[in-house]
């Protein structure tokens, strides 16, 4: 079964006040770090502005519909027909582990679920999930009806979740970003001991 990964970069980063994808993480832009982690799926493409991130050397796919948020990005990813299993990640999720993303892909393949999403103590993460290509008709229907909430789509798909105890980070605001950096420093110093 063919797998592919997609990193969504189409957001405006309005709550952050600057482009989240270009925040520095592990001495490189966050989008590059996320895309490198996503490489466990094989091919990686960025979905969003095609010229803005081309310097990172990944294929860039445009959204097919503007103003549809992440659901529009997922549509573009699945429409590209690069994979049967499509690992979809937000560009603003620092610290994604290869092992976790591999588990998501394996679980999706083993269970046959239309969608397998990450769940941590804070809830479900529809942008750290695997969507089968068969999800495309449901995604199109939701977009046509302007039903853009990802959690509603996951319910419609009967998505399963894969539980993890360590929180996933999704940095939307300067406060989120500062908290994430503090947490990472404390984890790094704990690992050093």
Matching residues in segment 1-29 - criterion: being assigned to a helix (DSSP H, G or I) and in contact with a helix residue (DSSP H, G or I) (Cβ under 6 Å, 6 or more places away or on another chain): 21
Residue list for segment 4-40, restricted to those being touching a residue at least 24 places away in the same chain (Cβ under 8 Å), surrounded by fewer than 19 Cβ atoms within 10 Å (Cβ to Cβ) and under 25 Å from residue 114 (Cα atoms): 39
Residue within segment 120-138 that is farther than 24 Å from residue 68 by Cα and loosely packed, with under 12 Cβ neighbours inside 10 Å present: yes
Among residues of segment 149-170, those that are over 20 Å from residue 101 (Cβ atoms), under 16 Å from the mean Cα position of the chain (by Cα) and either at pLDDT below 95 or in a loop (DSSP other than H, G, I, E, B) (or both), counted: 1
Residues being part of a loop (DSSP other than H, G, I, E, B) and either surrounded by fewer than 21 Cβ atoms within 10 Å (Cβ to Cβ) or on the phi > 0 side of the Ramachandran plot (or both) - total across segment 64-85: 8
Yes/no for residue 143 being surrounded by 14 or more Cβ atoms within 10 Å (Cβ to Cβ), at pLDDT 95 or above and either within 18 Å of the chain's Cα centre (by Cα) or under 23 Å from residue 44 (Cα atoms) (or both): no
Flag for residue 108 being without any contact (Cβ under 8 Å) to a residue 60 or more places away in the chain, buried (at least 21 other Cβ atoms within 10 Å of the Cβ) and assigned to a strand (DSSP E or B): no
Unique residue being crowded, with 21+ Cβ neighbours inside 10 Å, touching a residue at least 60 places away in the same chain (Cβ under 8 Å) and under 21 Å from residue 42 (Cα atoms) when the list is 101, 153: 101
Subset of segment 41-60 (residues that are over 13 Å from the mean Cα position of the chain (by Cα) and crowded, with 20+ Cβ neighbours inside 10 Å): 53, 58
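The values are calculated or read from the model by the stated rules, or taken from the named source; none is laboratory data. As the structure is a prediction and not an experimental result, all values here were calculated from the model. Cβ: placed from backbone, ideal geometry, glycine included. Neighbour counts: every protein chain shown.
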